1. Counting only residues that are among the hydroxyl-bearing types (S, T, Y), at pLDDT 95 or above and more than 14 Å from the ligand (Cβ to nearest atom), how many does the stretch 37-73 have?
2. For the stretch 90-114, how many residues are part of a strand (DSSP E or B) and within 12 Å of the ligand (Cβ to nearest atom)?
3. Give me the pairs, please: first residue somewhere in the stretch 115-143 and more than 16 Å from the ligand (Cβ to nearest atom), second residue anywhere and at pLDDT below 95 and part of a strand (DSSP E or B), beta-carbon distance under 6 Å, and either six or more positions apart or on two chains.
4. Regarding P10, is this residue within 16 Å of the ligand (Cβ to nearest atom), outside any loop (DSSP other than H, G, I, E, B), within 28 Å of R155 (Cβ to Cβ) and touching a residue at least 12 places away in the same chain (Cβ under 8 Å)?
5. Do you know which of the residues in the stretch 15-32 that are part of a helix (DSSP H, G or I) and without any contact (Cβ under 8 Å) to a residue 12 or more places away in the chain is surrounded by the most Cβ atoms within 10 Å (Cβ to Cβ)?
6. Would you mention how many residues in the stretch 139-154 are in a helix (DSSP H, G or I) and closer than 12 Å to L100 by Cα?
7. If I filter the stretch 115-143 down to residues being under 25 Å from K27 (Cα atoms) and of a type in the set (S, T, N, Q), which single residue comes out as surrounded by the fewest Cβ atoms within 10 Å (Cβ to Cβ)?
8. Hey, can you tell me all the residues within the stretch 1-14 that are loosely packed, with under 14 Cβ neighbours inside 10 Å and touching a helix residue (DSSP H, G or I) at 6+ places or on another chain (Cβ under 9 Å)?
Amino acid sequence: MTTMEILTYPDTFLRQSAKQIENIDEKIQQIINGMYETITVNPGLGLAAIQVGVDKSILIYDELHGQEKQLLKTLINPRIITREGTLISENEGCLSVPDLRADVKRSARILVEGVDEKGSPLRIEAEGLLAIILQHEIDHLNGTLFLDRISALKRGFYKKRVKKRLKKDGEKK
Ligand code: NI
């Protein structure tokens with residue numbers, strides 16, 4: 001298995017909504033394996049299939065989130081069932097939005113339902129950092145980036161920065 005390319009802003013594919021998976025077949029297993037390889041090479045706390053150019057409702061997340069070891073879990077067709085409270089996710093970042101860290105308002109506690117890679121139902125009650133990771137990745141599956149949830153001023157600066165870089169790269173060619 002090879003690693004997959006991580007799409008970055010402003011790639012329009014990141015705006016796609018992921019499709020529900022009806023049948024976890026070999027092709028889906030291969031995508032999941034590729035996502036595991038990709039997140040091992042590009043360390044992150046989570047990865048959504050949309051980020052590697054696959055419009056399927058799959059995300060993986062690190063259950064130990066940021067501790068020394070990684071414990072990657074797969075979540076298919078995730079849905080947020082309930083939300084409670086708010087918290088500020090400090091310095092959130094994203095592999096698809098390089099060189100940006102910003103605070104994001106998130107729900108403090110969520111209940112998420114979906115299935116694992118074997119199709120068994122999963123029900124995750126998450127709070128704190130795990131709740132943040134799951135909200136971030138589920139956002140990806142709906143075509144939303146954390147960039148959309150930060151202050152308009154910061155977003156504007158970032159967009160300008162990316163435009164400049166793309167222009168520069170274009171001139172080099
Ligand atoms: Ni992300």
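1. Adding up the residues that qualify gives 1.
2. Just the residues of the stretch 90-114 that are part of a strand (DSSP E or B), to begin with: 90-92, 102-114.
Adding the requirement that they be within 12 Å of the ligand (Cβ to nearest atom) leaves 92, 104.
Qualifying residue count for the region: 2.
3. No pair meets every condition.
4. On the way: within 16 Å of the ligand (Cβ to nearest atom): yes; outside any loop (DSSP other than H, G, I, E, B): no; within 28 Å of R155 (Cβ to Cβ): yes; touching a residue at least 12 places away in the same chain (Cβ under 8 Å): yes.
The answer is no for P10.
5. Looking only at the stretch 15-32, we keep the residues that are part of a helix (DSSP H, G or I), and these are 15, 26-32.
With the extra rule that they be without any contact (Cβ under 8 Å) to a residue 12 or more places away in the chain, the set shrinks to 26-27.
Numbers: E26: 7, K27: 11.
The extreme case among them is K27.
6. So in the stretch 139-154, the residues in a helix (DSSP H, G or I) come out as 139-141, 146-149, 152-154.
From what's left, closer than 12 Å to L100 by Cα: 146-147, 154.
Final tally of qualifying residues: 3.
7. S120
8. M1, T2, E5
The values are calculated or read from the model by the stated rules, or taken from the named source; none is laboratory data. Predicted model, so just to flag it, every value in this text is computed and none were measured. Note that each Cβ is placed from the backbone with ideal geometry, even for glycine, and that neighbours are counted across all protein chains shown.
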